[in-house]
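To keep things clear, I will list the structure first and then write my remarks on it.
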Amino acid sequence: GARRTGAAGTHREAAGERRGGAPMGRQNEPGRPMRARRRERNICLLQAFSVCLTIVFLLQLVAGVLGFVFSDKARGKVSDIVNAAIVHYRDDPDLQNLIDFGQKEFSCCGGVSYKDWSQNMYFNCTPANPSQERCSVPFSCCLQDTHQAVVNTQCGWGVQARGYLEAGAVIYTSGCVDTLGSWIHGNLLLLGGIALGLALPQLVGILLAQILIRQIKDQIKLQLYNHQHRADPWY
């Protein structure tokens with residue numbers, strides 16, 4: 001009776017192999033399909049990471065090339081940004097501190113010249129302006145005196161009504177746009193080194209992501225190969 005039962009079981013297992021291609025006891029090996037799916041999800045995440053890095057790198061490259069080729073248009077765009085900041089100088093304390101820092105750091109005043117501050121409603125130099133700061137400029141435009149203990153915040157009052165030579169004895173008369181352009185041209189090697197330092201980690205990240213994707217794909221192929229051969233009754 002035991003022999004007949006064993007023979008019947010062998011017959012059912014052989015029939016299962018003919019129908020499905022694998023013994024009934026080996027049809028489902030837990031863990032292997034799940035690990036493959038996990039690795040495929042890892043590939044998707046790595047590919048997304050690699051694509052994002054590539055897009056950022058290309059955008060930086062395009063911005064640098066366009067800024068170099070269309071330098072005049074870039075200068076006009078920077079001038080528009082500075083003028084817009086001048087208009088809202090008193091509206092935002094953070095913006096005010098940023099402008100003051102830039103004018104002190106680059107020893108400049110306004111966008112193209114110190115008279116650009118007339119675009120601000122408080123410093124506007126028209127006779128109809130009732131502000132006490134009419135025809136003035138911020139104190140950050142004033143020539144810095146290292147020996148002065150207390151900052152004179154009214155040093156720029158009324159200077160817009162003066163000529164360049166007279167105003168130049170009190171404030172910086174050159175605009176920040178031209179000063180910034182001169183600084184960029186004088187520090188091209190420094191800026192190029194910074195750009196290269198930002199680009200290299202991105203390129204390395206893209207390369208490592210592609211290598212890791214290739215390794216994971218090889219692992220998936222090896223796992224599927226082993227799984228298929230273990231499902232073979234003659235393995």
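All of the numbers you see were taken from the coordinates with simple rules; none came from a lab. Model, not experiment: these values are computed from the prediction. Here the Cβ positions follow ideal geometry from the backbone for every residue, glycine too, while neighbour counts run over all protein chains shown.
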Among residues other than THR173 whose Cβ falls under 14 Å from its Cβ, what is the net charge (Lys/Arg +1, Asp/Glu -1)? -1
With R₀ set to 35 angstrom, the calculated FRET efficiency between the beta-carbons of HIS185 and ASN97, to the nearest 0.05, is 0.80
Mind grabbing the base-10 log of I(q)/I(0) for segment 192-233 at q = 0.16 Å⁻¹? Debye formula, identical points on the C-alpha positions, no solvent, two decimal places. -0.57
Do any chymotrypsin sites (Phe, Trp or Tyr not before Pro) in segment 63-127 lie in a DSSP loop with no more than 13 other beta carbon atoms within 10 Å, and if so, which? PHE70
Per the 1/(1 + (r/R0)^6) rule, R0 = 41 Å and r from the Cβ atoms of ASP80 and GLN210, FRET efficiency to 0.05 is 0.50
What is the P(r) of segment 34-230, as percent of Cα-Cα pairs per 10 Å bin from 0? 8, 24, 21, 15, 12, 9, 7, 4, 1, 0
By how many nm would the segment from VAL87 to ARG41 grow when fully extended, if each residue of separation counts as 0.36 nm and the alpha-carbon distance is taken off? 11.5 nm
Note, VAL151: beta-carbon cut-off 14 Å, +1 each Lys/Arg, -1 each Asp/Glu, net -1
What net charge do the residues around PHE123 carry, taking every other residue with its C-beta under 11 Å from that of PHE123, with Lys and Arg at +1 and Asp and Glu at -1? +1
Roughly how many whole Å is it from the C-alpha centroid of segment 47-98 to that of segment 138-189? 24 Å
Please work out, to two decimal places, the log10 of the ratio I(q)/I(0) at q = 0.14, 0.15 Å⁻¹ from a Debye calculation in which every Cα of segment 60-161 carries one identical scatterer. -0.60, -0.67
